[in-house]
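Please treat every number below as a calculation from the coordinates, not as lab data. Worth saying up front: this structure is predicted, and the values here are computed from it rather than measured. No Cβ is skipped: glycine too gets one built from the backbone with ideal geometry, and neighbour counts run over all protein chains shown.
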Ligand code: BES
Ligand code: ZN
């Protein structure tokens, strides 16, 4: 059964790639209302795909937001584990479009990389699972385990619809373990198993001053400019040592243990490469921690955007009525994103000068997660990754967020195994996002072997 599936996958590489290109051609940008229809089309495309490869009950589930696609195949029998496969079919916006070397929605292969929005995050990696299941079903007509799929369309906007969907469909989604391919390896020959993800707390701040934009000559000098106030407030949120000054912010942070510090120091991380990849002259962060710790095991606060007044071309002498900022914090275990939002909200209101008013809106939040390293599902993952990629996986904390991992733990009581096949320089959320094609094919083989292994 295993050999036949691997052989099928290897002999269908061309058609797999052609189909993936079609999947990538639908601009399923979850953040932009203009792409509502594309989101619907992508969800239906997936249902057709799942039906064609032989899965049962493939369906588009409407929600208050973007639909959730589900499908299943439960004929392996009660003695076999049930695997819940999660992925997301939505993608990030593509701007600035002029920086792309090819159309983000006309996938193009250059030097073994497939360039397109969503190629790595996460349509390409989600598609791996479809091709794995196809490779079994089209050869032996069955799967080594029971499988349930849940593919969502709001991951990139931290959407509110998935958690209630999972809560309402607990019985339908019941499984022994979840498998997610939405992370990356360290190198093409060095796989990685993520055991921790950071949470996220995302806020928008609005500072209001005068009732309308004012002439900066008539009024300038006597008005507390909301942009000035906002900049002062934001600048005070971190001290010179990169520590966040919001009272209570660090109260629940689980400190990095000596053992984990040693582990992180030994992890194959090059600060020079990190700087080169980011295109910066130097690194800067919370003192007392390594760069690796700063980007994975410590909480952050970053300004994601800042605007107000006149930002068009040329000058306009204006004193703005309002100033805005988007700020987000990456959180670590056991910080609660709701509590952190409340702390920040209260602190921002407290430090605002009395001449302005501050409104804080929560855009989204998600919990971080820690995964048990000592389970048969984790061990099996280590084994097959080593077989296929030639090296034992490195166990890593991921600085990014996949909020569903915490939801699966809380609602379904299961851990997620993150079989990630991207690479660190895939350019997620950036222009020229790409997916290393050997990882697409090896990812299919590794996942075929993984399902076989846990079905033994
Ligand atoms: N695939 C990423 C998570 C990720 C990022 C994994 C970097 C490995 C490296 C995921 O799709 C993502 O971007 N998540 C968002 C979640 C947020 C919008 C709630 C993130 O981390 O910003
Ligand atoms: Zn993403």
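Rounded, prolate or oblate: which one fits segment 77-184, using the alpha carbon gyration tensor with axes a ≥ b ≥ c (rounded when a/c is under 1.5, else prolate when a/b beats b/c, else oblate)?
Taking the square roots of the gyration eigenvalues as a ≥ b ≥ c, segment 77-184 is oblate.
Checking the a/c ratio against 1.5 first, then a/b against b/c, what shape does the Cα gyration tensor give for segment 373-456?
oblate
Quote the relative contact order of segment 66-185 in percent (integer), defining contacts as alpha-carbon pairs under 8 Å separated by 6+ residues.
48 percent
On C-alpha positions alone, give me the angle between the axis of helix 437-454 and the longest principal axis of the chain, in degrees, nearest 10.
Rounded to the nearest ten degrees, it is 60.
In cubic angstrom, how much convex hull volume per residue do the alpha carbon atoms of the chain span?
Enclosed volume per residue, from the Cα hull, is 156 Å³.
For residue 346 and residue 74 in the same chain, what is the full-extension length gain: residue separation times 0.36 nm, less their Cα-Cα distance, in nm?
93.0 nm is the gain from fully extending residue 346 to residue 74.
Compute the FRET efficiency between residue 270 and residue 211 as 1/(1 + (r/R0)^6), taking r as their Cβ-Cβ distance and R0 = 51 Å, and round to the nearest 0.05.
Working from the Cβ atoms, E equals 0.45.
What fraction, in whole percent, of alpha-carbon pairs in segment 1-107 exceed 18 Å separation?
61 percent
Given labels modelled 7 Å from the Cα in the Cβ direction, how far is it in nm from residue 239 to residue 98?
Each label point is offset 7 Å from its Cα along the Cβ direction, giving 4.3 nm.
Share of antiparallel DSSP beta bridges in the chain, in percent to the nearest 5?
For the chain, the DSSP antiparallel bridge percentage is about 70.
Ratio of segment 225-377's C-alpha Rg to 2.2 N^0.38 Å, to two decimals?
Rg over 2.2 N^0.38 Å, computed on Cα atoms: 1.26.
Figure the gain on full extension for residue 373 and residue 307 (residue separation times 0.36 nm, minus the Cα-Cα span) and round it to one decimal in nm.
Extra length from residue 373 to residue 307 when fully extended: 19.4 nm.
Kindly give Rg over Rh for segment 6-58, based on alpha-carbon atoms, with the Kirkwood expression for the hydrodynamic radius.
With Rg and the Kirkwood Rh in hand, the quotient comes to 1.08.
Taking the Cα atoms of segment 125-248, what is the range of coordinates along each of the three principal axes, in descending order and whole Å?
Answer, in whole Å and largest first: 80, 35, 30 Å.
Taking only C-alpha pairs under 8 Å that are 6+ residues apart, what is the relative contact order of the chain in percent?
Contact order relative to length: 25 percent.
Taking the alpha-carbon set of segment 178-289, what are its Rg and Dmax in Å?
In order Rg, Dmax, the Cα atoms of segment 178-289 give 21.4, 65 Å.
Output the peptides 33-42, 430-439 sorted from most to least packed, where packing is the average of other Cβ atoms within 10 Å over each peptide's residues.
Going by the mean number of other Cβ atoms within 10 Å, highest first, we get 430-439, 33-42.
What relative contact order, as a whole-number percentage, does segment 371-441 give when Cα pairs under 8 Å and 6 or more residues apart are counted?
In percent, rounded to a whole number, it is 22.
Across every pair of different alpha-carbon atoms, what Kirkwood hydrodynamic radius in Å does segment 284-371 reach?
It works out to 15.8 Å.
Could you give me D for segment 320-406, from Stokes-Einstein at 10 °C and 1.306 mPa s, where the hydrodynamic radius is the Kirkwood radius over C-alpha pairs? Units µm² s⁻¹, please.
95 µm²/s
Would you please classify the overall shape of segment 184-235 from the alpha carbon gyration tensor, given that a ≥ b ≥ c denote the square roots of the eigenvalues, rounded means a/c under 1.5, and beyond that prolate means a/b larger than b/c while oblate covers the rest?
Prolate is the answer for segment 184-235, as a/c is 1.5 or above and a/b outweighs b/c.
Taking the simple approach of a point 7 Å from Cα along Cα-to-Cβ for both residue 251 and residue 339, what is their distance in nm?
So the label points at residue 251 and residue 339 sit 0.7 nm apart.
State, to one decimal in nm, how far the label point of residue 10 lies from the label point of residue 284, with both points 7 Å from Cα in the Cβ direction.
5.2 nm
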